[in-house]
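Worksheet for the structure shown next.
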């Protein structure tokens, strides 16, 4: 029994089920991120926790109390909206204390709560302004302040950073993380940005088509994606997914494929149980950072194998250089040190960290567990 | 910036602009001509008008026609002037506009933020009421007012105008509120505000422009209405428009054109005043929501 329990929750509009049997249990102080592409049901799920959407079947409980059908204001939650949803006719201070006022909290207490939160978020000088006079980042802070003032059991964030420009978004991301570490609050956070999901969360639920595809820590999601969707969705640039055939060479399973020039290529597979797949096709997933220049390879890995291939495009990104090459007939990306000497059209010797490679069953699209 | 290009740019602009302003001025003057005739003839003695020159400025300035129109002129059979009927109109238009605007705002709020099954259909039916000609409802309405005991009273007229105006006021507020972000309502719900608290604390404070539009529209229509006034409130309860008609149509004695002109201006004054005071919001309100920001 967790702090916030979502058990067997479904949502249907008429005959179409948009959320299918979602089970998530969130511990107190946890930062759960719901991530997925548009229309995957993550915002619907958040709204169901908030009480803004009805629950078709299943239970949502907060602190052991089932809150199905309980009015949003009586669930002891606070929500930060994508558009911030600040009341335009009220000052920042009035915006932040509106909820307390509606809950009948006496004015001296409201003022104290307001002063505390404003100091925490460093927005004290803004309290008498109207939302229209604030910048995007300031509005974002006020919206968070409005949630914090209530001191709720659960914070709900609905894509709070998607309206900010790139630089401010990174700053606010850090700020939210700091705030969470300081206050140890329970947060459910919806985003479609997988970097936000990776950096902020203690656990991630990757959603797609109304299903929770995988629920786990950021490291689990990143290193051992449960299926092809999660593998492709998480990570930027995304994981190279290569259709290969498994063959036994010298008693060890190898992936047989072709390089840029069409010549056969044998990559030694780390997972021994893949020998059962000999003669069949699998999809081999290799993260770009697992294909590097030899100097940049992970020294702790027990399975670094060399591979010579022709580079088609290089993209220096400052901190790294990305090299695109053809592997198994499709464009694949390698992530090299910034000063790796590689140019387009050249042959280059890469080092592949096969320990990090994952294999998927092409039929079920699920990961083949070692 | 070179002097030559600046010069030509300004010169061509100036010629075109002068032309445009002259044309506009002519149109404006032409448009104001009837009002000029009314104003000028309302401050002339009757003898000057009967001499035949309607356009001439008064040789002798007199405000007697105004005083007469207001307080002593013969309206029907009573020599009361327009004053009691002006008050009748005021007692009709103010409650009707207030009730109608309030109900329209409430309807708009419900139709956009508390959607229910069939709400679009309901709104469509309400819109339909905007397009029903007045004449069609005269007899059923008279029967209804009779049943309710409101026939021939100002309260009855208020009811008729509220019923008729509610379609328009709902249309205005619904369209205005549909551009209002629903997330704000959701945030207020989570904050614990109830149905009327959200309406009163969140929606109403931002409804200024559309309220002005709605009030101007309703005020003008209700104040200027003749048909309902003549049908449902004749005699001492008649509104200004009906009284003005009675003043002008009196069949006895000489036609006092100067008094008629003064009376007509008096009848038009309140709507004129509403436009002057709130007019700039009118355009702003009509535009509101069309462009975000």
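If we keep just the residues of the range A:151-164 that are over 15 Å from residue A:195 (Cα atoms) and within 17 Å of the chain's Cα centre (by Cα), which is surrounded by the fewest Cβ atoms within 10 Å (Cβ to Cβ)? Checked the range A:151-164; the qualifying residue surrounded by the fewest Cβ atoms within 10 Å (Cβ to Cβ) is A:158. Scanning the range A:217-228 for residues that are under 15 Å from residue A:202 (Cβ atoms) and surrounded by fewer than 18 Cβ atoms within 10 Å (Cβ to Cβ) turns up A:217, A:219, A:220.
With respect to residue B:117, is the statement that it is surrounded by fewer than 16 Cβ atoms within 10 Å (Cβ to Cβ), over 30 Å from residue B:200 (Cα atoms) and free of Cβ contacts under 8 Å to residues at least 60 places away in the same chain true? So residue B:117 does not fit the description; no. Scanning the range B:72-106 for residues that are touching a helix residue (DSSP H, G or I) at 6+ places or on another chain (Cβ under 6 Å) and modelled with pLDDT of 90 or more turns up B:95, B:96, B:97, B:99, B:100, B:101, B:103, B:104, B:105. Residue-level analysis places residue B:218 among those that are assigned to a helix (DSSP H, G or I) and within 25 Å of residue B:129 (Cβ to Cβ). Quick one: residue B:152 ticks every box in (1) on the phi > 0 side of the Ramachandran plot; (2) out of contact with any helix residue (DSSP H, G or I) (no Cβ under 8 Å at 6 or more places or on another chain); (3) surrounded by 13 or more Cβ atoms within 10 Å (Cβ to Cβ) bar one, so which box is it? For residue B:152, the exception is condition (2).
Looking only at the range A:5-21, residues that are in contact (Cβ under 8 Å) with a residue 12 or more places away in the chain and assigned to a loop (DSSP other than H, G, I, E, B) come to 0 in all.
Would you check if there is a residue in the range A:135-156 being within 14 Å of chain B (Cβ to nearest Cβ), outside any helix (DSSP H, G or I) and farther than 26 Å from residue A:66 by Cα? No, that holds for no residue. Scanning the range A:52-64 for residues that are out of contact with any helix residue (DSSP H, G or I) (no Cβ under 9 Å at 6 or more places or on another chain) and either buried (at least 21 other Cβ atoms within 10 Å of the Cβ) or in contact (Cβ under 8 Å) with a residue 60 or more places away in the chain (or both) yields A:63, A:64. For the range A:281-305, residues that are outside any helix (DSSP H, G or I) and either modelled with pLDDT of 90 or more or touching a strand residue (DSSP E or B) at 6+ places or on another chain (Cβ under 6 Å) (or both) total 15. Screening residue A:167 on (1) crowded, with 23+ Cβ neighbours inside 10 Å; (2) without any contact (Cβ under 8 Å) to a residue 12 or more places away in the chain shows it passes everything except condition (1). Restricting the first member to the range B:51-67 and to residues that are free of Cβ contacts under 8 Å to residues at least 40 places away in the same chain, and the second to residues that are outside any loop (DSSP other than H, G, I, E, B), the beta-carbon pairs closer than 6 Å and six or more apart or on different chains are B:54/B:37.
For the range B:184-203, a residue qualifies if it is facing chain A (nearest Cβ under 9 Å), at negative phi and either crowded, with 17+ Cβ neighbours inside 10 Å or not in a helix (DSSP H, G or I) (or both), and the qualifying residues are B:184, B:185, B:186, B:187, B:188, B:189, B:190, B:191, B:193, B:194, B:201, B:202. Given the structure, is residue A:312 crowded, with 16+ Cβ neighbours inside 10 Å and either touching a strand residue (DSSP E or B) at 6+ places or on another chain (Cβ under 6 Å) or assigned to a helix (DSSP H, G or I) (or both)? So residue A:312 fails the test.
Residue count for the range A:80-94, restricted to those that are in a loop (DSSP other than H, G, I, E, B) and within 10 Å of chain B (Cβ to nearest Cβ): 10. Of all the residues in the range B:207-239, those that are farther than 16 Å from residue B:273 by Cα and out of contact with any strand residue (DSSP E or B) (no Cβ under 6 Å at 6 or more places or on another chain) number 19. For the range A:22-51, a tally of residues being assigned to a strand (DSSP E or B) and free of Cβ contacts under 8 Å to residues at least 60 places away in the same chain returns 1. Based on what the data block shows, is residue B:258 assigned by TED's automatic domain parsing to the domain that holds residue B:92, in contact (Cβ under 8 Å) with a residue 12 or more places away in the chain and under 30 Å from residue B:50 (Cβ atoms)? So residue B:258 passes the test. The C-beta contact set for the range A:174-199 (first residue at positive phi, second residue at pLDDT below 90, distance under 9 angstrom, 6+ apart or interchain) comprises A:184/A:28; A:184/A:29. Filtered by the rule that a residue be surrounded by fewer than 20 Cβ atoms within 10 Å (Cβ to Cβ), in a helix (DSSP H, G or I) and within 14 Å of another protein chain (Cβ to nearest Cβ), the range A:114-132 gives a lone residue, A:132. Tell me whether the range A:97-107 contains one or more residues that are in contact (Cβ under 8 Å) with a residue 12 or more places away in the chain and either more than 16 Å from residue A:151 (Cα to Cα) or more than 13 Å from chain B (Cβ to nearest Cβ) (or both). The answer is no, given that none of the residues of the range A:97-107 is in contact (Cβ under 8 Å) with a residue 12 or more places away in the chain and either more than 16 Å from residue A:151 (Cα to Cα) or more than 13 Å from chain B (Cβ to nearest Cβ) (or both).
When every residue of the range B:233-244 is checked against the conditions, none turns out to be within 16 Å of the chain's Cα centre (by Cα), over 20 Å from residue B:78 (Cα atoms) and away from chain A (no Cβ under 13 Å). Scanning the range A:170-189 for residues that are over 18 Å from the mean Cα position of the chain (by Cα) and surrounded by 15 or more Cβ atoms within 10 Å (Cβ to Cβ), we see that the one that is nearest to residue A:45 (Cα to Cα) is A:185.
Counting only residues that are in contact with a helix residue (DSSP H, G or I) (Cβ under 7 Å, 6 or more places away or on another chain) and closer than 11 Å to residue A:33 by Cβ, the range A:177-198 holds 8 of them. Taken across the range B:136-146, residues that are surrounded by fewer than 18 Cβ atoms within 10 Å (Cβ to Cβ), under 21 Å from residue B:229 (Cα atoms) and at pLDDT below 80 do not occur at all.
The residue that is surrounded by the fewest Cβ atoms within 10 Å (Cβ to Cβ), counting only those in the range A:65-79 that are more than 9 Å from chain B (Cβ to nearest Cβ) and part of a loop (DSSP other than H, G, I, E, B), is A:69. Might you check whether a residue that is facing chain A (nearest Cβ under 9 Å) and over 13 Å from the mean Cα position of the chain (by Cα) occurs anywhere in the range B:209-224? No, every residue in the range B:209-224 fails to be facing chain A (nearest Cβ under 9 Å) and over 13 Å from the mean Cα position of the chain (by Cα).
The values are calculated or read from the model by the stated rules, or taken from the named source; none is laboratory data. All values reported here derive from a predicted model rather than from experimental measurement. Cβ sites come from the backbone with ideal geometry, for glycine too, and all protein chains shown count toward neighbours.
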